[in-house]
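Trainee: Attaching a single structure in structure tokens format; questions to follow.
The values are calculated or read from the model by the stated rules, or taken from the named source; none is laboratory data. All values reported here derive from a predicted model rather than from experimental measurement. Neighbour counts run over all protein chains shown; Cβ positions are idealised from the backbone, glycine included. Only protein heavy atoms, including side chains, enter the accessible area calculation; ligands, DNA and RNA are left aside. Shrake-Rupley method; radii C 1.70, N 1.55, O 1.52, S 1.80 Å.
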Amino acid sequence: MSTTDYGYRGMMVEYWDLLRGDTSKWSSRPYFIKIIKDSGEPALDVACGTGRVMFDYMQEGIDIDGVDISPEMISKARENADNLGLKPNLYAQAMQNLDIPRRYQTIIVPSSSFLHLINVADRHEALKRFYEHLNSGGVLAMSLRVMDPNPVEVDWEIDSEAIRPSDGALVRRWFRCNYDVDNRIQDTEDRYEIIKDDKIIHSETYISSPFLTWYKCSEAVEYLKQAGFIDVHAHSDFKFEPATDDDTSYIVLGKKP
Ligand SMILES: C[S@@+](CC[C@H](N)C(=O)[O-])C[C@H]1O[C@@H](n2cnc3c(N)ncnc32)[C@H](O)[C@@H]1O
């Protein structure tokens, strides 16, 4: 396993789409599209990964660009875009170093990806950059979640598996994690196996330590206010209803004055 400064790499990227399967019914999809339609275009999909959200929206005619820290995710996104006949603007950048020539009416950060920023300084810097990349009146919307570290250690379990279309091999992903509750850190391990004729013909393990952090809705609201956003509020679990600190899935939103 190679050491890189981005977490999503190798087999994690290669089998990301295959192991996720159909995501078209996920509740985040209609939620973020409404946010963009209400707030306006162009939009930026931060931590866009292989393009799940942005390509879907581009096919609906939405003007949306994408950025991700992982050059491997961006490369896979380009491949997916080619297959769909799309020509997206994609950038391999860390959100805390965001530096794109365009300004946006809406910035979305789906999939709790902001939680990959463990350091407070990185979170402040990323919010500052989002603010700078928005037009006046533009909206930032980030979906986040609160982990329930119970138990504090999860032993190896099969997370997902799928048949590789090219040769019919079984791709299996194992997962285990542990939590440092006091410091709100989740460490994860992913093991990928390629199985043919009941034999494991290839296996790789990826350690992400730290993987992500978490905080409550009221803390996220405070972060956005400190960064200069106004009309800061939170929705519960993609439902356009107010969130509270009891919500484990919420979206925090703010407007640039
Ligand atoms: C859970 S995946 C979500 C991908 C995509 N949004 C989706 O829903 O399919 C998290 C993504 O965040 C990206 N990421 C992690 N840290 C990042 C950072 N500091 N800046 C930008 N992207 C980051 C990873 O490379 C990965 O593609």
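Trainee: Cα convex hull of the chain: mean projected area in nm², to one decimal?
Mentor: About 13.9 nm², averaged over all directions.
Trainee: Per q in 0.20, 0.23, 0.29, 0.30 Å⁻¹, report the Debye log10 I(q)/I(0) for the range 153-212, using one uniform scatterer on each alpha carbon and no solvent.
Mentor: -0.74, -0.87, -1.14, -1.18
Trainee: Separate question: Tell me, what % of the accessible area of the range 153-212 is carbon and sulfur with a 1.4 angstrom probe?
Mentor: 43
Trainee: I would also like to ask the following. Within the accessible area of the range 10-144, what % is carbon and sulfur when the probe is 1.4 Å and the other protein chains stay in place?
Mentor: 47
Trainee: Full-extension gain between Ile230 and Asp63, please, as 0.36 nm times their residue separation minus the C-alpha to C-alpha distance.
Mentor: Residue separation times 0.36 nm, minus the Cα-Cα distance, leaves 57.7 nm.
Trainee: Only helical DSSP H runs with n ≥ 4 go in: add -39500 (n - 2.57) per run for the chain, normalise by residue count and round the 222 nm mean residue ellipticity to 500 deg cm²/dmol.
Mentor: Helix contribution divided over all residues of the chain: -7500 deg cm²/dmol.
Trainee: Further, regarding this structure: Nothing charged except the Cβ atoms of Lys and Arg (+1) and of Asp and Glu (-1): what's the magnitude of the dipole of the range 153-212 about its Cα centre? Round to the nearest 20 debye.
Mentor: That gives the range 153-212 a dipole magnitude of about 260 debye.
Trainee: A further question follows. Taking amide hydrogens as modeled 1.01 Å from N in the peptide plane, which residues meet the under 5 Å criterion relative to Asp159, leaving out close sequence neighbours?
Mentor: The answer is Arg173, Trp174, Phe175.
Trainee: Treating only the Cβ atoms of Lys and Arg (+1) and Asp and Glu (-1) as charged, compute the dipole magnitude of the chain about its Cα centre; round to the nearest 20 debye.
Mentor: That gives a dipole near 780 debye.
Trainee: Something else about it: How much length is gained if the chain between Val120 and Asn150 is pulled fully straight, taking 0.36 nm per residue apart and subtracting their Cα-Cα distance, in nm to one decimal?
Mentor: Working it through step by step, the gained length comes to 8.3 nm.
Trainee: Can you tell me which lysines have their Cα less than 24 Å from the Cα of Lys225? Leave out same-chain residues fewer than eight positions away.
Mentor: Lys34, Lys37, Lys128, Lys216, Lys239, Lys255, Lys256
Trainee: Label-point separation (nm) for Asn97 and Trp26, each offset 7 Å from Cα along Cα-to-Cβ?
Mentor: 2.6
Trainee: If you don't mind, another one. Charges at C-beta only: +1 for Lys and Arg, -1 for Asp and Glu. How large is the resulting dipole of the range 12-135 about its Cα centre, in Debye rounded to 20?
Mentor: 280
Trainee: Accessible area per residue for the range 63-193 in Å², computed with a 1.4 Å probe and the full protein assembly in place, what is it?
Mentor: About 47 Å² of surface per residue is accessible.
Trainee: Moving on. Quick check: the angle from helix 217-226's long axis to the longest principal axis of the chain, C-alpha only, nearest 10 degrees?
Mentor: Taking Cα atoms only, the helix is inclined about 50 degrees.
Trainee: Got a sec? Charge dipole of the chain, +1 on Cβ for Lys and Arg, -1 for Asp and Glu; which of Cys177, Ala121, Pro165 is way out at the positive end?
Mentor: Value computed over the given set: Ala121.
Trainee: Using a 1.4 Å probe, how large is the accessible area of Ser113, given in Å² and rounded to the nearest 10?
Mentor: Accessible surface of Ser113 is approximately 10 Å².
Trainee: Sort out the exposed loop trypsin sites (Lys or Arg not before Pro) in the chain (DSSP loop, at most 16 other Cβ within 10 Å) and tell me the longest stretch that has none.
Mentor: Counting only loop sites that pass the neighbour cut-off, the longest clear stretch is 104-238.
Trainee: Using the Karplus curve 6.51 cos²θ - 1.76 cosθ + 1.60 with θ = phi - 60°, work out ³J(HN,Hα) for each residue of the range 204-216 in order, rounded to whole Hz, and write x for Gly and Pro.
Mentor: Going residue by residue, I get 9, 10, 10, 9, 10, 9, x, 9, 7, 10, 7, 7, 7 Hz, with x marking Gly and Pro.
Trainee: Got the relative contact order for the range 153-212 handy, in percent, Cα pairs under 8 Å and 6 or more residues apart?
Mentor: Once divided by the residue count of the range 153-212, the mean separation gives 27 percent.
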